[in-house]
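Right, one structure below, let's go through it.
The values are calculated or read from the model by the stated rules, or taken from the named source; none is laboratory data. Owing to the predicted nature of the structure, the values given are computational and were not obtained by experimental measurement. Quick reminder, even Gly has a Cβ in these numbers, built from the backbone with ideal geometry, and neighbours come from all protein chains shown.
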Amino acid sequence: MGQKDAWVLTDKSALRDAATVIVLRDAATRPRVLMGQRGTDAAFMPSKFVFPGGAVDGVDATIPLAAPPRPDCAAALVNDSALPAATLIAAATRELWEETGLLIGAPHPTATTMTAPQGWRGYLGTGHLPDGTDARFVFRAITPPGRPRRFDARFFLVDAKALRNDPDDFSRAEDELGHLHWVPLDEVRSYDMPFITEVVLAELSALITGRRPPGVPFYDNRTEVSRFSRL
């Protein structure tokens, strides 16, 4: 039984740290984002189209980065958070690899010589380590109380040019997401998505067009009172 399974059995309602990845393609022409559909029997957001992502595992903190994140990214990640920036970036890298088979990171000689923890064996076997410069922290949201699963999710933006393998090859993906494909932003509103995903997409559109205010949007639902700020 893996760490994720152990967690689910001990407490299904506790708040978990999570990392989500928005992979953006063709930003200068017709922007597209990578999305997949959750299963109909999923406990969290069944049948919804979402970005790749998931909960931070304890082992993510043991994976070194090939390069640190940019200072502004690191500062925003640790703002009102006790989790190290490197751990969140590692988790985002792993989740993208697991759920889509797409690879971000940098080639590094120590990757294949490390004792790879469960969940990282396939990734480290490619000879890469997570690269903090690949991902930009663009959004944070906490699931409101009363939901069957609750996450403190950080959303990272990755340019498809940073991918180390074929962006159309999902053959290495695990089965957590179905119908993986690149969705044009001008068509994405027709998909069945969670509300927060719609909010993130609106922020992404503003970011692409240069209309977004400074700072990282933070939808804080740790309590019954929802608060919005910018990190």
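Of everything in the range 138-155 that is modelled with pLDDT under 95 and either in a loop (DSSP other than H, G, I, E, B) or of a type in the set (V, I, T) (or both), the residue that is surrounded by the fewest Cβ atoms within 10 Å (Cβ to Cβ) is G146. Across the range 206-216, what is the number of residues that are modelled with pLDDT under 95 and either within 18 Å of V50 (Cα to Cα) or not in a helix (DSSP H, G or I) (or both)? The number of residues fulfilling the criteria is 7.
Flag: L185 matches the condition of being surrounded by fewer than 19 Cβ atoms within 10 Å (Cβ to Cβ), under 18 Å from R30 (Cβ atoms), in contact with a strand residue (DSSP E or B) (Cβ under 8 Å, 6 or more places away or on another chain) and at pLDDT 95 or above.
Conditions tested, residue by residue: (1) surrounded by 11 or more Cβ atoms within 10 Å (Cβ to Cβ); (2) within 18 Å of the chain's Cα centre (by Cα).
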site	(1), (2)
L163	yes, yes
L177	yes, yes
L180	yes, yes
T197	yes, yes
L207	yes, yes
R212	yes, no
V216	yes, yes
V225	no, no
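For the range 93-106, the criterion of being in contact (Cβ under 8 Å) with a residue 12 or more places away in the chain, surrounded by fewer than 17 Cβ atoms within 10 Å (Cβ to Cβ) and either in a strand (DSSP E or B) or within 16 Å of the chain's Cα centre (by Cα) (or both) is met by no residue. The residues listed here are T115, T133; of these, the one that is more than 22 Å from M35 (Cβ to Cβ), modelled with pLDDT of 95 or more, of a type outside the set (K, R) and assigned to a loop (DSSP other than H, G, I, E, B) is T133. The set of residues from the range 61-73 being out of contact with any Gly (no Cβ under 8 Å at 6 or more places or on another chain) and either in contact (Cβ under 8 Å) with a residue 12 or more places away in the chain or crowded, with 20+ Cβ neighbours inside 10 Å (or both) comprises A61, T62, I63, P64.
Among the residues of the range 13-53, those identified as surrounded by 21 or more Cβ atoms within 10 Å (Cβ to Cβ) and in a loop (DSSP other than H, G, I, E, B) are F51, P52. For the range 184-204, a residue qualifies if it is part of a helix (DSSP H, G or I) and in contact with a Pro (Cβ under 6 Å, 6 or more places away or on another chain), and exactly one does: E203.
Among the residues of the range 140-160, which ones are touching a strand residue (DSSP E or B) at 6+ places or on another chain (Cβ under 6 Å) and under 19 Å from T223 (Cα atoms)? Listed by number, the residues that qualify are R140, A141, I142, T143, R150, F151, D152, A153, R154. In the range 206-223, the residues that are without any contact (Cβ under 8 Å) to a residue 60 or more places away in the chain reach residues that are acidic (D, E) with C-beta atoms within less than 8 angstrom, at least six apart or across chains, in these pairs: R212/E203.
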